[in-house]
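Notes for the one structure printed next.
The values are calculated or read from the model by the stated rules, or taken from the named source; none is laboratory data. Bear in mind that the values here come from a model prediction, so they are computed numbers and not experimental data. Neighbour counts run over all protein chains shown; Cβ positions are idealised from the backbone, glycine included. We work out accessible area using only protein heavy atoms, side chains counted, and drop any ligands, DNA or RNA first. Shrake-Rupley method; radii C 1.70, N 1.55, O 1.52, S 1.80 Å.
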Amino acid sequence: MTAPVRLGLRANAGQFGLLVALNALVGGMVGLERSVLPLVGKQDFGLRSTSAILAFVVAFGAAKALTNLAAGELAERLGRKRLLVIGWLFALPVPLLIGLAPSWWFIVAANLLLGVNQGFAWSMTVVMKIDLAGPRRRGLALGLNEAAGYLGVAATAFATGALAVSYAPRTVVWVGAALIAAAGLLISVFAVRDTGAHVALEQHAHGDRVAAHAGLRSAFVHASVHDPILRACSQAGLVNNLNDALAWGLAPLYLAAHGAGVRQIAVVAAVYPVVWGAGQLATGWLSDHTGRKPLIAAGMLVQAGALGLLVAGNGAFRPSFAAAALLGAGTAMVYPTLIAAVSDATQPRDRARIVGVYRFWRDFGFVLGALIAGIGADAASPRAAILIVAVLTGASGLLVAATSWQPRPVLQPAAAP
């Protein structure tokens, strides 16, 4: 006899825990690149232009943003689990392209596929955890999800940096990517279960008081223009990932230019997602009790201060380490809270689409951030590029603070009708 469908972390602990572990693997795929790939562009392929090096971040961000947008609609048509499996299939060619690349543009192509992998796989782990958790512990659920993903980023970022001292950096990246992609695909195929029934159960509790958005276009306009909370969350997510693109693509080059070694760069590259990942265990839970808006606004201002410290430290290791930790703390305040706020403002039947729209805008920040970092560094200096992003981040936090925020709904259906 099939067990009744129930919402809540305790009722779905097995599948929820499995999805948490799976998202650590999703994050690990990205973390493999964070401390060494910009250096590979300079050392292995002789690139001198920062814009050319950061083309891999632009490719990743554009592919991930567009995939996020498509993921919500495809999840409704194909199902969550099926789309998760498709995401891991896109990861399989990534290690081959990186390992055998005769030119930097093969690395860029690999990051297009990596962006598709992240767009489908991370989106589905997020949406499936929201489906399982129900509304009462949504912030905690998303804190656990994002913590796992970014601790995975941190672990592989540090590991690749440490191993790159003894082994060729590109070899470390492609071998790690092959192992992670194979494990993620096998777990998704054989262990994960779809969550469509949980969506139907939560929607039954909401009833039909509010009409669902008929398709992706309607959802996109609603989340991007009409709803002030969703609009504020989308712009904050975009600016947050301006910071992440900067930390990923420009920070290793900035530190190297000021004399930092590979091991020091790896430490700075890892401490940011460590604090970000671990901090979300607290901030996701906290947002369930204090509300979403205060954490989002304050977190954006903390990030702006961290970037200011990075510039003031002039590339020295200790202030760069402190800036990375502070940037991680600010991002931890913002990241799970934004997705929880988007979910609060969305009907269950619209969730996959609206979260996809939000994640489109958030990950489009990778594209803008890489362009600002690359063009700013080439035309002026890395310091100028970092300061531009710091100002934008502070302004984003003030915009969230000025947005009127509605209290979040509390609904907790316990069993299927």
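With θ taken as phi - 60° and the Karplus curve 6.51 cos²θ - 1.76 cosθ + 1.60 applied, the whole-hertz 3J(HN,Hα) list for segment 109-115 is 4, 4, 6, 4, 5, 5, x Hz, x standing for glycine and proline. Annotation for segment 75-184: chymotrypsin sites (Phe, Trp or Tyr not before Pro) lying in DSSP loop with at most 16 further Cβ atoms inside 10 Å of their Cβ are Tyr167.
Using only alpha carbons, build the gyration tensor for segment 91-233 and give me the equivalent ellipsoid semi-axes, biggest first, whole Å. Walk me through the intermediate numbers first.
Working: eigenvalues 265, 67, 46 Å².
Semi-axes (√(5λ), whole Å): 36, 18, 15.
Specify the residue with the greatest mean-square fluctuation among Asn12, Asn145, Asn241, computed from a Gaussian network of the chain linking alpha-carbon atoms under 10 Å apart. With Cα springs under 10 Å in the chain, the top fluctuation among Asn12, Asn145, Asn241 is at Asn12.
Work out how much length Ala401 to Ala379 would gain on full extension: take 0.36 nm times their residue separation and subtract the Cα-Cα distance, in nm to one decimal.
Using 0.36 nm per residue and subtracting the Cα-Cα distance, I get 4.6 nm.
Model label sites at Ala182 and Arg10, defined 7 Å from Cα along the beta-carbon direction, differ in position by 4.1 nm.
For segment 1-63, what value does the Rg/Rh ratio take when both radii are computed over Cα atoms and Rh is the Kirkwood radius, given to two decimals?
Details: Rg = 19.9 Å, Rh = 15.1 Å.
Answer for segment 1-63: 1.32.
Within segment 240-381, the proportion of C-alpha pairs whose separation exceeds 20 Å stands at 50%. Past the 37 angstrom mark, what percentage of all C-alpha to C-alpha distances in the chain do you count? Percentage above 37 Å: 17.
In the complete set of protein chains, residue-level accessible area for Met333 is approximately 40 Å², probe 1.4 angstrom. So, R0 is 30 Å and r is the distance between the beta-carbons of Gln43 and Thr290; what FRET efficiency does that work out to, to 0.05? Plugging the Cβ-Cβ distance into 1/(1 + (r/R0)^6) gives 0.05. An ellipsoid equivalent to segment 219-320, defined through the eigenvalues of its Cα gyration tensor, has semi-axes of 31, 16, 12 Å when rounded to whole angstrom and sorted largest first. Taking Ser404, Ser396, Ser51 as the candidate residues, the one with maximal mean-square fluctuation in a Gaussian network model of the chain, Cα springs under 10 Å, is Ser404.
Can you tell me the orientation of helix 169-190 relative to the chain, as the angle in degrees between its alpha-carbon axis and the longest Cα principal axis, to the nearest 10? For 169-190 against the chain, the angle is about 10 degrees.
Rounded to the nearest Hz, the phi-derived 3J(HN,Hα) couplings of segment 226-239 under the Karplus curve 6.51 cos²θ - 1.76 cosθ + 1.60 (θ = phi - 60°) are 6, 8, x, 5, 5, 5, 5, 5, 5, 5, 5, x, 4, 5, where x marks glycine and proline.
Residues whose amide H comes within less than 5 Å of that of Gly134, counting only those at least five positions distant or on another chain, are Gly8 (H built at 1.01 Å from N in the peptide plane). Largest to smallest in accessible area, the residues Ile375, Ile180 fall in the order Ile375, Ile180 (1.4 Å probe, all protein chains included). Averaged over residues, the count of other Cβ atoms within 10 Å places the peptides 303-311, 337-345, 254-262 in the sequence 337-345, 303-311, 254-262, highest first. Solvent exposure of segment 32-160, expressed per residue, is 29 Å² of accessible area, with all protein chains present and a 1.4 angstrom probe.
Once the Cα-Cα distance is subtracted from the 0.36 nm per residue extended length, the Leu96 to Arg82 segment shows a gain of 2.6 nm. Going 7 Å from the Cα of Ala52 in the Cα-to-Cβ direction, what parts of segment 78-115 have a backbone nitrogen less than 16 Å from that spot? Flagged as within label range: 102-109.
Translational diffusion coefficient of segment 142-298 (Stokes-Einstein, Kirkwood radius from Cα pairs, 25 °C, 0.890 mPa s): 127 µm²/s. Per-atom-type breakdown for the chain gives carbon and sulfur 69% of the accessible area (1.4 Å probe, protein chains only).
Does a label point 7 Å from the Cα of Val391, set along Cα-to-beta-carbon, have any residues of segment 341-378 with amide nitrogen under 15 Å, and which are they? Answer for this model: 372-373, 376-377.
With springs only between Cα atoms under 10 Å apart, run a GNM on the chain and tell me which of Val173, Val274, Val40 wobbles the most. Answer for the Gaussian network model of the chain: Val40. 3J(HN,Hα) along segment 360-377, derived from phi through the Karplus expression 6.51 cos²θ - 1.76 cosθ + 1.60 where θ = phi - 60°, amounts to 4, 5, 4, 7, 5, x, 4, 5, 5, x, 5, 5, 4, 5, x, 5, x, 5 Hz, with x in place of Gly and Pro. At 4 °C and 1.567 mPa s, what whole-number value in µm²/s does Stokes-Einstein give for the translational diffusion of segment 26-126, with Rh from the Kirkwood sum over Cα pairs? Diffusion coefficient, whole number: 93 µm²/s.
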